[in-house]
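S.K.: First the structure, then my questions, so here it is.
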Amino acid sequence: MILYIDMSFAALDYNIIGELITCVFALILCCNILVSFSLYDRRHRLFFYGGVSSFIAALFDIFAVICITNYKTVPIALSTTVSTIFFIFLIAIPYSLAVYANDVAFAYKKGKKYTYYLSGVVYGIYLSIVLLNIKTGWIFRYDPELGYVRGPLKFLTYGLTLWFSIITVVVVALNKKSIARRLFYVFMIYPFVAIFFLVFQFLDNTVILTGISSFSALFFAYITIQSDLLEFDLITGLMTETKLKKHVAMKNTEGVLYVLSIENMNNIQSNMEVSSLNTMLLNLGKEFSKYFDLI
């Protein structure tokens, strides 16, 4: 079996440099989360799952391009398996980010439960369609003479990526009061980042941007939130002590620094749900910003 692999980043008529970039940056994201020992946090785990899914999806998309190029020599069963794995992990990326947004946006568990179920059911149905595609060819199939042939549901991944993006925006918009302002803007911008690449992919199928369209939004949200973790508290939306010191040092005018502390914080934490406590701290942060954030 002879395989043709064009290392000029174009196999046949498909340009795969976007997927190669996705592999590299997804690996960097996953390694960053691992070395920061932040997997104990559920929200960081969601980013990690999205990063792993991005890496696998991009890698198998490259393998799929190689299979398409060599469809006459690569067994159809192998080509079908490779493409099926790609489609399984592709939608796991926007799904992970949608679950993350839902986890951040809803202050109460009851609200989370319904959107969790809705997103999970949609993704479950998608997985069923992908697995059934091996027999039905609804999304794609490999023909001994024609090679890779797109099925009637060929645009399903575009639709679901857009759907999860809309879900993210709606959930965040409806719970704006429960989210720090900077984090709110991150989720509002995220869908446009994904759609930007999807439009190019839709207009030109020879340039493979499917993986990078989903991962770019995930990566954008991650690096923005990580920078917030260094400078802003995501629960209250207020500056961290380090950021505040730098900000004050840059000012030439005199001022007054107000320090407020909450007594018996341990007792409050033990008698309140985490979500309710976070909501309370967020509201306090907003009030403090309104009256005291004069720098």
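S.K.: Are there any pairs with C-beta distances below 8 angstrom linking a residue in region 121-135 that is touching a residue at least 24 places away in the same chain (Cβ under 8 Å) to a residue that is open to solvent by less than 30 Å² (accessible area, probe 1.4 Å) and not in a helix (DSSP H, G or I), with the two at least 6 apart or on different chains, and if so which?
M.R.: Every condition considered, the pairs that remain are Y123/I91; Y126/I91; I129/I139; V130/I139; N133/I139; N133/F140; N133/G151.
S.K.: Mind checking whether some residue in region 244-265 is assigned to a helix (DSSP H, G or I) and at pLDDT 70 or above?
M.R.: The answer is yes, given that some residue of region 244-265 is assigned to a helix (DSSP H, G or I) and at pLDDT 70 or above.
S.K.: Which residue, of F9, F63, is modelled with pLDDT of 85 or more, open to solvent by 10 Å² or more (accessible area, probe 1.4 Å) and in contact with a helix residue (DSSP H, G or I) (Cβ under 6 Å, 6 or more places away or on another chain)?
M.R.: Values: F9 fails: modelled with pLDDT of 85 or more.
Matching residue, one of F9, F63: F63.
S.K.: Just give me the residues in region 156-182 being part of a loop (DSSP other than H, G, I, E, B) and over 24 Å from V122 (Cβ atoms), in sequence order.
M.R.: Passing the criteria: only A180.
S.K.: More than 19 Å from A58 (Cα to Cα) and part of a helix (DSSP H, G or I) - does that describe any residue in region 138-155?
M.R.: For region 138-155, residues more than 19 Å from A58 (Cα to Cα) and part of a helix (DSSP H, G or I): absent.
S.K.: Can you name the number of the only condition in (1) surrounded by 12 or more Cβ atoms within 10 Å (Cβ to Cβ); (2) at pLDDT below 70 that S216 fails?
M.R.: (2)
S.K.: Within the set of pairs 6 or more residues apart or between chains, which connect a residue that is within 16 Å of I129 (Cα to Cα) and touching a residue at least 24 places away in the same chain (Cβ under 8 Å) inside region 64-85 to a residue that is open to solvent by 10 Å² or more (accessible area, probe 1.4 Å) and β-branched (V, I, T) with Cβ atoms less than 8 Å apart?
M.R.: T80/I134; T84/I134; I85/I56
To keep it simple, each residue is scored yes or no on (1) surrounded by fewer than 17 Cβ atoms within 10 Å (Cβ to Cβ); (2) within 22 Å of the chain's Cα centre (by Cα); (3) at pLDDT below 85.
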position: S54; (1), (2), (3): no, yes, no
position: Y95; (1), (2), (3): no, yes, no
position: A101; (1), (2), (3): no, yes, yes
position: L131; (1), (2), (3): yes, no, no
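S.K.: Does region 277-290 contain any residue that is over 25 Å from the mean Cα position of the chain (by Cα), exposed (fewer than 12 other Cβ atoms within 10 Å of the Cβ) and modelled with pLDDT of 65 or more?
M.R.: yes
S.K.: Which condition number in (1) of a type outside the set (V, I, T); (2) modelled with pLDDT of 85 or more; (3) open to solvent by 10 Å² or more (accessible area, probe 1.4 Å) is the one that L118 fails?
M.R.: All conditions pass for L118, except number (2).
S.K.: Can you tell me which residue among T115, T168, T136 is within 22 Å of S213 (Cβ to Cβ) and among the polar types (S, T, N, Q)?
M.R.: Result of the check over T115, T168, T136: T168.
S.K.: Would you point out the residue of region 170-194, among those that are farther than 25 Å from G159 by Cβ and not basic (K, R), that is surrounded by the most Cβ atoms within 10 Å (Cβ to Cβ)?
M.R.: Taking region 170-194 first, the residues farther than 25 Å from G159 by Cβ are 176-185.
In the following step, the residues that additionally are not basic (K, R) were identified as 178-180, 183-185.
Details: S178: 19, I179: 23, A180: 21, L183: 21, F184: 19, Y185: 13.
Here the answer is I179.
S.K.: May I ask you to list the residues in region 69-93 that are small (G, A, S) and either closer than 16 Å to S213 by Cα or open to solvent by less than 20 Å² (accessible area, probe 1.4 Å) (or both)?
M.R.: S79, S83, A92
The values are calculated or read from the model by the stated rules, or taken from the named source; none is laboratory data. Just so we're clear, the structure is a prediction, and the values are computed from it rather than from any experiment. A quick note on method: Cβ atoms are made from the backbone with ideal geometry, for glycine too, and the neighbour counts reach across all protein chains shown. SASA here: full protein model, heavy atoms, side chains in, ligands and nucleic acids out. Shrake-Rupley method; radii C 1.70, N 1.55, O 1.52, S 1.80 Å.
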